[in-house]
Each structure stands twice: as structure tokens, then as C-alpha cells.
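Asker: Sharing a structure below in C-alpha cells format, with a few things to ask.
The values are calculated or read from the model by the stated rules, or taken from the named source; none is laboratory data. Only a predicted model underlies this, so the values are computations on that prediction, with no experimental measurement involved. With ideal geometry, Cβ positions are generated from the backbone for all residues, glycine too; neighbour counts draw on all protein chains shown.
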Amino acid sequence: AAAAQRPAVIWLHFGECTGCSEAFLRTPDVGGIILETISVEYHETIMAASGHQAEQNLHNAVKQYDGKFVCVVEGAIATAHNGAYGKVGGRTFLDIAWDVIPHAAVTLAIGSCAAYGGVAAAAPNPGGYKGVTDAIGAPAINLPGCPMNPLNLLGTILKYLNNEPMEMDGYGRPLFAYGESVHDRCPRLKHYENFEFATEFGSKEVEMGYCLLDLGCKGPETYNNCPTAKFNDSTSFPIQAGHPCIGCSEPGFWDTMTPFYEE
Ligand code: SF4
Ligand code: SF4
Ligand code: F3S
């Protein structure tokens, strides 16, 4: 996109591990395109400002780009006890979310934390952590995954810039990335169909490409494009590396998909 068309992006960090930012910052090809396509006005991990200056930058960016910026949210929002369980610069995530997100042209909730609460919302969740839409009722395009796949963020940004329609599923996930299950495209599917199941981690069978269902694989219940998009510049993804899918792009997966492993 031409420089003039680069949309201003305000990137908020709430209750998270920064793994979603790391996923794209450590994928130089994809991360580079993302950073060339958008203009990041505020991002706590990569901006130079700190302290009060950073707070001021956020305030100024919201004012300057009111109604026009893309808000990327990474992390869940604490909602119990007036949001007391999560703060940045003395302000609750909840306050910041209410202050910023309603002024955005579009909100992208990246990673399972921002989309559905993620690890912070795992039982017993004393802080009342929730994803963006559940926390403040704001509409968001959800790009779950723990971490989200940087290619899915890039694809969503490009579709948005080109005014392409974004079809979504019932969990607010774009169908171009989350329309098929991990199982549908799994490189081990042939072995599944032949009833060839690995029963031990690191075994010869895992190496031979046998299905990981008996080791706990949640691929059949999980919607994400990891088998085709893969991670780390399309090098690999969990199942290819011999690790069962833990369902990381499904709402509530820390509670609903555990135990992750079976043997
Ligand atoms: Fe980290 Fe996972 Fe949350 Fe992304 S979704 S910020 S990788 S815990
Ligand atoms: Fe399906 Fe998982 Fe087996 Fe792949 S490893 S075929 S996703 S059950
Ligand atoms: Fe997550 Fe399963 Fe893909 S664990 S990264 S959805 S293979």
C-alpha cells in the first residue's frame, strides 16, 4: 500500500504474554510486510517512548485518528472488581479499553486472550478476565490462536484495506483463515484414515507421520489454518513437529481442551 494509505494502528496490550506480538516480530518476512502496510502509532513493546510520555502518545493518537484508526488488541481485559486485576500506568485495562476501542474504525482482537479471554480467563478466573467483545460489548474481528498466526493478521489487514468482504463464523473468526478444522488439512490425515495412531511421544510412529489422536490431539474440534499457513516463515506447526493440537484457537480452550496430553 502507498504510504498515504497506511492506516494508523493503536495496539493495546492487556492481560497477555506478548507471544502474539513476538510471533510476527520474529517472522521477519511477514512482520516486515505488516509494519510496512500499517503505521503503528502506539505499541508498548516496540515504541521508544515510556512512562508518562507513552501515556501521552496514546491519548494524542486516539485524538488525532478518532474514528479512523485500526485498534489491535492483544490480551484479555479484567472485568471483576471494576477491573482491579489488570492495570497499565495506574489505569485499569477496562478503563483504557472503554477510552480507546469505541473510537476505532475497526478492532482486531488478536490471539485467544483478546478474542475470548485465553489463559487469563482459565478457571477459576478471579479477575473476571474476558475477551474484547465480552468485556465491553464492542464488535471485533477475532483472530484467535495462542499465538495467532501472523499470516492471519496480515491477511485480515489486507482484506480490510482492500474493502473486501470478511465472512465470519459464529465466534467472530474470518472464514478465510478459520473456515476449516486443523484435522481437515492435517498432514497425518491419511494415517488417521488407516487407523495408524502413535501411542508414545517421540516414537518411531510419530516420526513416520502417524496420527496423534491417542496422544490427545484436538485437531478435529479446532478451526484454524495452521496446517497450510504454518509458523516461523511457514516452516512447521505443532502437529508436523510431533505435538498434538491443543485447540489453541477455540474459545475457552484452557478449560475445555484439557488435559492436553494423553498417553
Ligand atoms: Fe500469549 Fe497466547 Fe495470549 Fe497470544 S494468545 S498473548 S501467545 S497467551
Ligand atoms: Fe486429525 Fe490430529 Fe490425527 Fe491430524 S494428528 S489427523 S488433526 S487427529
Ligand atoms: Fe494451535 Fe492446534 Fe494450530 S494447538 S497452533 S490450533 S495445531
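Asker: Would you call E16 assigned by TED's automatic domain parsing to the domain that holds P150, within 12 Å of ligand 1 (Cβ to nearest atom), under 15 Å from the mean Cα position of the chain (by Cα) and crowded, with 21+ Cβ neighbours inside 10 Å? Don't jump to the end; show me each part of the working.
Answerer: Details: assigned by TED's automatic domain parsing to the domain that holds P150: yes; within 12 Å of ligand 1 (Cβ to nearest atom): yes; under 15 Å from the mean Cα position of the chain (by Cα): yes; crowded, with 21+ Cβ neighbours inside 10 Å: yes.
Here the answer is yes, as E16 does meet what is asked.
Asker: Hey, another quick one. Looking only at region 82-91, decide whether some residue is within 16 Å of ligand 1 (Cβ to nearest atom) and in contact with a Leu (Cβ under 7 Å, 6 or more places away or on another chain). Give the derivation first.
Answerer: So the first thing to find is which residues in region 82-91 are within 16 Å of ligand 1 (Cβ to nearest atom), and the list is 85-86, 88.
Filter once more, so that each one left must be in contact with a Leu (Cβ under 7 Å, 6 or more places away or on another chain): none.
No.
Asker: Among the residues of region 236-262, write down those that are polar (S, T, N, Q), surrounded by fewer than 22 Cβ atoms within 10 Å (Cβ to Cβ) and under 12 Å from T222 (Cβ atoms). Don't jump to the end; show me each part of the working.
Answerer: Going residue by residue through region 236-262, those that are polar (S, T, N, Q) are 236, 240, 249, 256, 258.
Then keep just the ones that are surrounded by fewer than 22 Cβ atoms within 10 Å (Cβ to Cβ); that gives 236, 240, 256, 258.
Of everything in region 236-262, just one residue is polar (S, T, N, Q), surrounded by fewer than 22 Cβ atoms within 10 Å (Cβ to Cβ) and under 12 Å from T222 (Cβ atoms), namely T256.
Residue by residue, here is whether (1) buried (at least 24 other Cβ atoms within 10 Å of the Cβ); (2) touching a Ser or Thr at 6+ places or on another chain (Cβ under 6 Å); (3) part of a strand (DSSP E or B); (4) touching a residue at least 60 places away in the same chain (Cβ under 8 Å) holds:
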position	(1), (2), (3), (4)
A48	no, no, no, no
Q56	no, no, no, no
H59	no, no, no, no
I96	no, no, no, yes
V100	no, no, no, yes
C113	yes, no, no, yes
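Asker: Taking the stated definitions as given, is N142 buried (at least 16 other Cβ atoms within 10 Å of the Cβ) and either of a type in the set (V, I, T) or in the same structural domain as P7 (by TED's automatic domain parsing) (or both)?
Answerer: Details: buried (at least 16 other Cβ atoms within 10 Å of the Cβ): yes; either of a type in the set (V, I, T) or in the same structural domain as P7 (by TED's automatic domain parsing) (or both): yes.
Yes.
Asker: Continuing with this model, one more query. Could you list, in sequence order, all residues of region 231-245 that are part of a loop (DSSP other than H, G, I, E, B) and either more than 16 Å from ligand 1 (Cβ to nearest atom) or over 18 Å from the mean Cα position of the chain (by Cα) (or both)? It would help to see each step written out before you state the result.
Answerer: Step one: of region 231-245, the residues part of a loop (DSSP other than H, G, I, E, B) are 232-235, 237-245.
Passing the criteria: D233, S234, T235, I239, Q240, A241, G242, H243, P244.
Asker: Residues that are away from ligand 3 (no atom under 16 Å from the Cβ) and among the β-branched types (V, I, T), at least 1 per element: which helices (runs of 4 or more DSSP H) completely within region 135-228 meet that?
Answerer: Details: elements: 150-161, 175-178, 189-193, 204-207.
Filter on region 135-228 gives 150-161.
Asker: Sticking with this structure for a sec: Would you call P124 over 25 Å from K68 (Cα atoms) and free of Cβ contacts under 8 Å to residues at least 40 places away in the same chain? Talk me through it step by step, then tell me what you get.
Answerer: Numbers: over 25 Å from K68 (Cα atoms): yes; free of Cβ contacts under 8 Å to residues at least 40 places away in the same chain: yes.
Judged against the criteria, P124 is a match.
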